[in-house]
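Down below is the structure, laid out as structure tokens.
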Amino acid sequence: MADNTRRPEPRYGNRPTMKDVAARAGVGLKTVSRVVNGEPGVTPDTERRVQESIDALGFRRNDSARVLRKGRTASIGLVLEDLADPFYGPLNRAVEEVARAHGALLINGSSAEDPEREQELVLALCARRVDGLIVIPAGHDHRYLEPEIQAGVATVFVDRPAGRIDADAVLSDSFGGARSGVAHLIAHGHRRIGFIGDQPRIHTASERLRGYRTAMADAGLAIHDDWVSLGTTVPKRVHDAVVAMLAGPEPVTAIFTGNNRVTVTVVRVLAAHDRPVALVGFDDIELADLLDPGVTVIAQDAATLGRTAAERLFHRLDGAADAPSQVVLPTRLIARGSGEIPPPAEK
């Protein structure tokens, strides 16, 4: 038998309200409110009618309105560089888990390493009344956030510090990690070591370059200008940098890469090269242990970065008024083979 029951037409963007529920159940708004919020004072029969109306209409309680009345939205914002970057997956997940444990919703977006887009995203989240922000900064001037912070929006920066304001930050030891990675190559006999990094305006890129230069200086090694290449991480730019470093009468015998995206391109270029070149990369990469040789890396703990930043944020939201602080988390060297390739014997 055909079902001739008339179903209501969908009303996209026009959600049922408590007024709609009250009209269908034949009760007052206050009665619906009591049922929705689990308050006493409603008879079992009336509660049943209200619940049937809620189910029939697909009504959902407006939690945003409830929390706004309390002055908190139970939500935080996370502004990343690029959600597609594997490094940010564990970081995002860790922030989400901490937020969930505190009964808060996480809203995130990508700045695409564009300072203007970062500011646009941050202010859009503030306009939606998030309680706090975790920001991986693309820009160097965060004074635009001062009115929001003064208005009570807790803010923690992660991976890179804030620019021109005093704010909490959770960072990895980019300088120390790069220094140890280059020192590892030097310990395996290399004297001509190239560095390929990200754009120099990025804090982590400049800190890793500083670590490279310090390790070379510690060993009394000179650095030729053509051994250092900074710029975008697009494969063509990185490819050309590798080819240039491997050319000439005194090519580099080892390369230190400044992040995972650079490392992936360098691995591809070296796979086609006619002689072994040692490689240590900053940031781990997927399947690094399955390559031949495995890729030696300076590993960050992205999940701990995210968790530490989120816990600091909720510490602020719980009323902590201590001075902003900077937490620097250690990195670790994972030797898998590529960083232990010796330089070729001098002829």
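The values are calculated or read from the model by the stated rules, or taken from the named source; none is laboratory data. The structure displayed is predicted, hence computed values, not measured ones. Because the Cβ atoms are built from the backbone with ideal geometry, glycine has one as well, and the counts that use them run over all protein chains shown. SASA here: full protein model, heavy atoms, side chains in, ligands and nucleic acids out. Shrake-Rupley method; radii C 1.70, N 1.55, O 1.52, S 1.80 Å.
To the nearest 0.05, how large is the calculated FRET efficiency for D274 and A335 if R₀ is 30 Å and r is the Cβ-Cβ distance? Efficiency for this residue pair is about 0.75. Inter-label distance, T17 to E120: 3.3 nm, where each label sits 7 Å from its Cα along the C-beta direction.
The Rg/Rh ratio for region 118-165 is 0.91, where Rg is the radius of gyration of the alpha carbons and Rh is the Kirkwood radius. Here's the picture: charge each Lys and Arg Cβ at +1 and each Asp and Glu Cβ at -1 in the chain, and of L133, S53, L246 the one pushed furthest to the positive end of that dipole is S53.
Choose one of L145, H184, A101: the residue whose Cα lies farthest towards the positive end of the charge dipole of the chain (beta-carbon charges +1 Lys, Arg; -1 Asp, Glu; about the Cα centre). Ranked along the dipole, the leading option is A101.
Note on the chain: dipole from Cβ charges, positive end direction compared against V156, L317, V327; the farthest Cα belongs to L317. Sites count as exposed loop sites when they are GluC sites (Glu not before Pro), lie in a DSSP loop, and have at most 10 other Cβ atoms within 10 angstrom; the longest stretch of the chain without one is 1-285.
Ordered from longest to shortest, the equivalent ellipsoid semi-axes for region 140-245 are 34, 17, 10 Å, each the square root of 5 times a Cα gyration tensor eigenvalue. Label separation (R191 vs A217): 2.1 nm, computed from points 7 Å beyond Cα along the C-beta direction. Ellipticity at 222 nm from helices only: DSSP H runs of n ≥ 4 in the chain, each -39500 (n - 2.57), divided by the residue count, give -12000 deg cm²/dmol. Binning the alpha carbon pair distances of region 47-203 at 10 angstrom intervals from zero yields the distribution 9, 31, 26, 16, 10, 4, 2, 1, 0, expressed in whole percent.
Rounded to the nearest 20 debye, the dipole magnitude of region 276-347 is 160 debye, with +1 charges on Lys and Arg beta carbons, -1 on Asp and Glu beta carbons, and the Cα centre as origin. Charge tally for R332 (other residues, Cβ to Cβ under 11 Å; Lys, Arg +1; Asp, Glu -1): -3. In a reduced charge model with +1 at each Lys and Arg Cβ and -1 at each Asp and Glu Cβ, the chain shows a dipole moment near 1220 debye about its Cα centre.
Only Cα pairs under 8 Å and 6+ residues apart enter the sum, and on that basis the relative contact order of the chain stands at 16 percent. Note on S338: accessible area approximately 10 square angstrom, rounded to 10, probe 1.4 Å, nucleic acids and ligands left out. Computed over the Cα atoms of the chain, the ratio of the radius of gyration to the Kirkwood radius (Rg/Rh) comes to 1.16. Note on Y144/D240: beta-carbon distance plugged into 1/(1 + (r/R0)^6) with R0 of 51 Å gives a FRET efficiency of 0.90.
Each Lys and Arg contributes +1 and each Asp and Glu -1, all at the Cβ; summed about the Cα centre of region 169-224, the dipole is approximately 180 debye.
Share of pairwise Cα-Cα distances greater than 15 Å in region 221-303 is 56 percent (whole percent).
Of the accessible area of the chain, with the probe set at 1.4 angstrom, what percent is carbon plus sulfur? For the chain, the apolar C and S fraction of the accessible surface comes to 51 percent.
Can you tell me the accessible area per residue over region 193-323, all protein chains present, probe 1.4 angstrom, in square angstrom?
Normalised by residue count, the accessible surface of region 193-323 is 43 Å².
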